[in-house]
Amino acid sequence: MTVPTYIGRPDDLRFGAAAPVDPATLDALFAATAVAHADAPAVVGDGGPLTFAELDRRASAIARYLRARGVVTGDRVAVVANRCGWMSAVVTGIIRSGAVYVPVDASYPKERVRFIIADCDPAAVFTLGGASLAKDLAAELEGSGVVTATITDDSPLGRAVIDGSADPTWATAGPFGPAEQSRPVTGEDPCYIIYTSGTTGTPKGAVNTHIGVTTHMLWMGRALTTVGDTTTPIRMLQKAPVSFDVGVGELIGPLATGGAVVVPAPDWWPGDIDAMVKMIAGYDVTVMSMVPSLMRVLFDVLDDVGVPLSAFSNIRHMIFGGEAVPADIVRRSREEIGCRVYGLYGPTETAMDVTWVEYTDELISAADFDDAASLLGLPEDNVACYVIAEDGTETDPASDTWDTPGELCLAGPQVGLGYLNRDAQTAEAFVDSLHPDLDGGRMYRTGDIVAWTEVGGQRILQFLGRIGDQVKIRGNRVELGEVETRLRELSGVRQAAAVAIDEDGAQALVGFLVAEDGVTPDLTALATQLATEVPEYMVPSRFRVVDTLPMNHNGKLDRKALATLL
């Protein structure tokens, strides 16, 4: 594979503007940012303040630690962690070494952590905090040749990185450069891998490239640092789980653009609204990324305690994604916070977000603006968006049949390499593009059904639904097939199904169970058991025991009929 060359086509809504991607690798972008902003804060909050110069020094120490232990360009390094101040240095150091970052949420059930570690076959595993989990992993990997280390302020590796006391040779040797990599990283090399829910009951790792990530980071720098004539660095709260692509974006985005990562205290959780307000105001957060349903909860809590939304007045850009964006949330954000509001969309198989829409006064006041619509907007720079109808034909937004719905397919440098160790699934989803002379030649089939719509005289993309059995739960993509596989494995369960329903404006999971003969399921116990095997967002919020599962005339599960049983 060669690095995609994006050309695009001016005045064609299917193509974002062609923009240079220089440098083409994230490690080079990190290095350039560290030099340009050496004395500026890179990390504040937990583990901070750290300047870019100090972060650069620590990242170089991490990179040399890995290289000294045989980690080479393209090797995978897993990081088992929750949000913490060490994440920035560790992730930057992994990428600087030439290795591939694999985030693993430490709050995941141990079974899922073990599966991801085994599947990605890492050359090294770092644990940040979580002494019990770190001990278990080290014992399991003993003798495997995998480098394991726990990094805290008091651990041997952490202390060495902080002050070089353990081994000054590799911990204080100056900036780590490409010449120290086993071979120089290229734009087409993997940068990070994120594990998503899988249809067969096992997660699958989506591999994204350096040029894809850098393309998006450069777009962020252009789009989210300027309001009018004022340029403001991106300061983001590290709010999302580390293994979610939004979490990776919250960490990488500020560091790649000369801004700062705001790291909460280790005991903070997103439901602690009072602490969130204090962090946003106290650390001058300028860009927030939120799931709309969580923003509504935030609004309700602030209303209840009498805190005005003007407490968030330092936020310049509010990004919504993962769900449809209700108009009332947009209006309150714009009017009471005073920020610009965007809807961003991007599947895990592409380097973060690929389409965007700004909810301007003109857009939301248009006579044909639909409060219930889920708008995706237009392609970001260097992104191509194609709508492929059921008969295989492409919908041209400038044609007479411009509003024909179809599957959204994406092309351009942000398209990832596919799924790790899943050749068949990769071949099915990543295919030759429709216009290789314009978009680089590779295309990802998202499985999302979209159509061009018109709002205020502007044609933009609108999300209509999913092909198959994939849903979004609090911004996390979930395969109903994996949920059902896990439900069937529970004690006393003979058959199982899952559906997503609308609950207070957001999607929620409901599990339907057919019990073994003579068994009366303890639903609380089953939910507790399931929570030890899958992330919390994959555990249904409620269960229903039924005698049989409804089937359609083809003998397949009838999910619509299931929903009527509630």
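Quick note: the coordinates plus some simple rules give every number you see, no bench work behind them. Computed from a predicted model, the values in this text were never measured in an experiment. When we count neighbours, we look across all protein chains shown, and the Cβ atoms used for this are built from the backbone with ideal geometry, even at glycine.
For ILE194, the amide hydrogen comes within under 5 Å of the amide hydrogens of ALA206, ASN208, counting only partners 5 or more places away or on other chains and with H modelled in the peptide plane.
Stokes-Einstein at 37 °C, 0.692 mPa s, Kirkwood radius from Cα pairs: D for the stretch 472-563 in µm² s⁻¹? Working shown, then result.
Working: Rh = 13.5 Å.
Reported coefficient: 243 µm²/s.
Order these by the 10 Å Cβ neighbour count, fewest first: SER144, SER60.
Details: SER144 11, SER60 27.
If I rank by nearby Cβ atoms, fewest first, I get SER144, SER60.
Proximity of backbone amide H atoms, modeled 1.01 Å from N, is registered between ARG542 and GLY511 at under 5 Å, excluding neighbours fewer than 5 places apart on the same chain. Put simply, when 256-265, 376-385, 47-56, 318-327 are sorted by average Cβ atoms within 10 angstrom per residue, most first, you get 376-385, 256-265, 318-327, 47-56. Taken one residue at a time, the phi angles of the stretch 399-408 give Karplus couplings (6.51, -1.76, 1.60, θ = phi - 60°) of 8, 5, 9, 4, 9, 5, x, x, 7, 7 Hz. Gly and Pro are set to x. Only beta bridges with both residues in the stretch 472-563 are counted; by DSSP, about 75 percent of them are antiparallel.
Each residue of the stretch 457-464 is assigned a 3J(HN,Hα), and the resulting list reads x, 10, 7, 9, 7, 10, 7, 10 Hz, derived from the Karplus form 6.51 cos²θ - 1.76 cosθ + 1.60 (θ = phi - 60°), x at Gly and Pro. Remark: for residue pairs LYS135/LYS472; LYS110/LYS278; LYS204/LYS239; LYS135/LYS204; LYS204/LYS278; LYS239/LYS560, the C-alpha separation exceeds 30 Å in LYS135/LYS472; LYS110/LYS278; LYS204/LYS278; LYS239/LYS560. Whole-Hz Karplus values for the stretch 281-297 come out as 6, x, 9, 6, 5, 9, 10, 10, 10, 9, 7, x, 5, 5, 5, 5, 4 Hz, taken residue by residue from phi with 6.51 cos²θ - 1.76 cosθ + 1.60 and θ = phi - 60°; glycine and proline positions read x.
For the chain, with only Lys/Arg (+1) and Asp/Glu (-1) charged at the beta-carbon, what is the dipole magnitude about the Cα centre, in debye rounded to 20? Don't skip to the end; give the middle numbers.
Values: 43 positive and 76 negative charges, 274 e Å.
Rounded to the nearest 20 debye, it is 1320 debye.
Kindly state, as a whole number, the per residue volume in cubic angstrom of the convex hull around the alpha carbon atoms of the chain.
Working: hull volume 91.9 nm³, N = 566.
Per residue, the Cα convex hull of the chain comes to 162 Å³.
Report note on the peptides 531-544, 97-110, 329-342: ranked by the mean count of other C-beta atoms within 10 Å, highest first, their order is 97-110, 329-342, 531-544.
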